[in-house]
Structures are given as structure tokens and as C-alpha cells.
Amino acid sequence: MKKMIMSLLLFLGVLSASAQAEQKGTTEYVFQPHWYLMLQGGGQYTLGETSFSDLFSPTAQVALGYNFTKVVGLRLAVNAWQSKGAIELKGDQYGINADFNDKWAYKYVAPALELNFNLSNLVCGFNPKRVFNLYAFVGGGANIAFGNDDAQDVYQRYISYIGRANNNFVYDSRQNMDYLWDGSKVNVFGKGGLIFDFRVSDKVSINIEANANILSDKYNSKKADNADWYFNALAGVKINLGKTYTEKFIPAPEPEIRYVEKVVEKIVEVPAKVEVKPIEKIRRDIFFKINSYKVSETEAEKIKDIADYLNQNPNAKVEVTGYADAGTGNNRINDRLAAQRADVVVKALMNQYNISADRISYDSKGSRVQPFAENDLNRVTICIAE
């Protein structure tokens, strides 16, 4: 009795495994709103009338963000460290043997609220397994500058220098310190930039960020009659705080039933020794543009080649298989495209060339199978007739 029960359980287990193995479908990724933390460091260039190296400073940034949808998110970023200013005067303009070259550094903290857009998801669809994502952002905040003691010292040397020039000094709005400030200075600023994000895992990615910041003319103590700018280049890590997606299994649709009339052929006696030459098979690859299942005029000629072959060989049949490339879209989109690419070829054979349905078999592989090494070539329907 015990052996019978064990055998029955084993039999039921085999049936269950077989049923699961036969279950076909696709897994769709469903976006989940989530928080994330970013830590970054890099360099800053404050725009000015002197060499790049004189105006280059270290900078750092920490940000807390929330992605509301697969495309749109909001980020609170706090950028801080150091900015620079500089003045260069040529002594030969003023009858002085020595030039005046001086620079100063000051500290700042700049919190900003930014609206973020995932351009990769916007163009190619949501795919949490994508290695690279491109983001664009725009926003603004308050730049709180302080520690301008270096500029105060430079100003004293600047006044002494132009005093030596006497009446020969020519005022240059770009080379003066008329907006010198002390203590702290608060400026409203605008900000925009790009983030290049590289996925390491579901939780972690590394990123490179480039942003531009525009402020009042009074930021760097110089009166230039135009806005002041500084530019940041940052690299760092992003940590997702929670699930970014869930997986949803979508069963494959039932295959379309094609009804074929049974044809009774008249039996004709053939002489005993008739040599039948084997029929060589023919293959044609019909290629499509990205996100399309429309057959171009050039590719339509290949469908005609298949139809001509089938008409010349009445016993031949054709197998039609649709594909989509794995480099773009997601499984839901790619499954639909692959099926449409196969279907359009099948309908052309039947409707344009009167090929009987019982001579055509078709399938679609989505982007799970890639017949070609080059990504773009996998937007294809492969027809093999023999």
C-alpha cells in the first residue's frame, strides 16, 4: 500500500512538472516608484578671463531623489565645496613693468530641487535590466557663498596696483572687483545637465554627471555686466532604496487556428523506376526597420522569391519565423513585433501569391533568440522553404 501511495505521488509530480514546462509566455517588468541616494565627487570650473587651471576647484554632491514614473523623477541635490575668481592685468598697458595676476577661492553650499527625465525609458521603453540609461535634468536653488577673505586680500593688492598706473589705467568691466562682498552671499541660481548611468545591479549603479549653473553677476566679486557661471563634472554611485520593479508573467496567446480544406488528390500510377531529384531548400531573410513590421519594396522581392519557389515545387512547404532585436524595447514590445513581422509575411504569401495555408508554418521568437550577432539584423523574418 505504501509503494502505491509513493508511486501515485511521483506520478502527480511528473504531471505537474510537465504542465509547468508546457506553460509558455513572457515576463513583463512593471515599474515601482522608489527613493534613491546619490554620492558624487569631481571638479568645478568657474567661468572667467584667465587660464582654466587657475579657475578649477574640487566639488562634491549628495542627492536624495524619488522616481514617480518610469520617466519622471524629482531630486534634492546639495552641491558644495569651492569656487574661484581671478584678475589678469598687463602692465605694458599702464606703463608698469610688472603684470598683475592674482586669484582667490571661496566656499559655497548650493541646495537645488531638480526635475529628472529618463530619456532611455522615454525612447526605448522601460527595461530595468538595461546596462546604460541617459537622464536629463533641470532645476534651481540657492547658492550660499562664504569665506571670501582671499578676495579681500587680492582687492588691496589690486587697488595698490592701479594706483601705480595713475592716469594710464583704462577701466575694463571684466577686470575689476566692484562687486566685492564680505561675510556671506546668497544667490538664486538655475541648473541643468545630463547623467550617464551604468547599472551594476538592481540596487547599485555608477554614474557620470555634467551640469551647468547660472547665477547673478555678483557671485565672483567681479562686475562684468553679465551672469556668472560655473560647471561641474562629477562621478559617483547611486543606491536604490527599495524595489524598482516587479515581474509579471503574461501567458502566450493561443495560436490562431487555421482551417484547411482537405484535398483528395487523384492517385496516378508512376512507372516503377522514376528517378526523383531532391529539391534544394531556399532561405530568404526579410529585414525590417526599428519598431516596424512594414515590408519595404526591396524586401518584398524576397517574399516573391519564396512564392516562386513554392509554385515551382508543389510539394515544398515554408517555415516563417519572426524575430526582434534585444537591444531595444522590452519583452512585451518585442514579442508583439516579432509576431507581426511573421504574420505580415504569411499574409503576403497567402493573399498576394495564393499559397495554400497548409504549406505554411509560422512562429515568432521575440528577442529571446537572436539569429545574428549584429543587433540590428535581428529585426527580421526568416523564411526557409524546402
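Taking every residue in the range 299-314 that is without any contact (Cβ under 8 Å) to a residue 24 or more places away in the chain and pairing it with any residue that is open to solvent by less than 30 Å² (accessible area, probe 1.4 Å) and not hydroxyl-bearing (Ser, Thr, Tyr), at least 6 positions away or on another chain, the pairs with Cβ-Cβ distances below 8 Å are Glu299/Ile286; Glu299/Phe288; Asp305/Ile282.
Restricting attention to the range 336-365, report how many residues are of a type in the set (Gly, Ala, Ser) and either in contact with a strand residue (DSSP E or B) (Cβ under 7 Å, 6 or more places away or on another chain) or open to solvent by 60 Å² or more (accessible area, probe 1.4 Å) (or both).
Of all residues in the range 336-365, those of a type in the set (Gly, Ala, Ser) come to 338-339, 342, 348, 356-357, 361, 364.
Those left that are additionally either in contact with a strand residue (DSSP E or B) (Cβ under 7 Å, 6 or more places away or on another chain) or open to solvent by 60 Å² or more (accessible area, probe 1.4 Å) (or both): 338-339, 342, 361, 364.
Counting residues in the range 336-365 that are of a type in the set (Gly, Ala, Ser) and either in contact with a strand residue (DSSP E or B) (Cβ under 7 Å, 6 or more places away or on another chain) or open to solvent by 60 Å² or more (accessible area, probe 1.4 Å) (or both) gives 5.
Applying the criterion of being of a type in the set (Ser, Thr, Tyr) and either without any contact (Cβ under 8 Å) to a residue 24 or more places away in the chain or part of a strand (DSSP E or B) (or both) to the residues of the range 228-248, the residue that is surrounded by the fewest Cβ atoms within 10 Å (Cβ to Cβ) is Thr246. Within the range 186-208, the set of residues being without any contact (Cβ under 8 Å) to a residue 60 or more places away in the chain and outside any strand (DSSP E or B) comprises Val200, Ser201, Lys203. Residues that are open to solvent by 10 Å² or more (accessible area, probe 1.4 Å), at pLDDT 90 or above and among the charged types (D, E, K, R) within the range 83-115 comprise Lys84, Asp102, Lys103, Lys107, listed in sequence order.
For the condition surrounded by fewer than 19 Cβ atoms within 10 Å (Cβ to Cβ) and closer than 18 Å to Ser216 by Cα, Val123 does not qualify. The number of residues in the range 33-82 that are more than 17 Å from Ala233 (Cα to Cα), modelled with pLDDT of 95 or more and among the polar types (S, T, N, Q) comes to 2. For Ile303, are the conditions met, namely being open to solvent by less than 50 Å² (accessible area, probe 1.4 Å) and at pLDDT below 95? When the stated conditions are applied, Ile303 passes them.
Assess whether Leu119 counts as being under 30 Å from Ser184 (Cα atoms), among the aliphatic types (A, V, I, L, M) and under 32 Å from the mean Cα position of the chain (by Cα). No: the conditions fail for Leu119. State whether one or more residues within the range 54-71 are of a type outside the set (A, V, I, L, M), open to solvent by 60 Å² or more (accessible area, probe 1.4 Å) and in a helix (DSSP H, G or I). No, because not a single residue in the range 54-71 is of a type outside the set (A, V, I, L, M), open to solvent by 60 Å² or more (accessible area, probe 1.4 Å) and in a helix (DSSP H, G or I). Against the list (1) polar (S, T, N, Q); (2) open to solvent by 20 Å² or more (accessible area, probe 1.4 Å); (3) outside any helix (DSSP H, G or I), the condition Gln152 fails is (3).
Gln175 meets each of the listed conditions (1) assigned to a strand (DSSP E or B); (2) modelled with pLDDT under 95 apart from (1).
The values are calculated or read from the model by the stated rules, or taken from the named source; none is laboratory data. In this text the structure is predicted, and so the values were computed from the model without any measurement. Positions of Cβ are generated from backbone atoms using ideal geometry, with glycine treated the same way; all protein chains shown enter the neighbour counts. The area values use the complete protein model at the heavy-atom level, side chains included, leaving out ligands, DNA and RNA. Shrake-Rupley method; radii C 1.70, N 1.55, O 1.52, S 1.80 Å.
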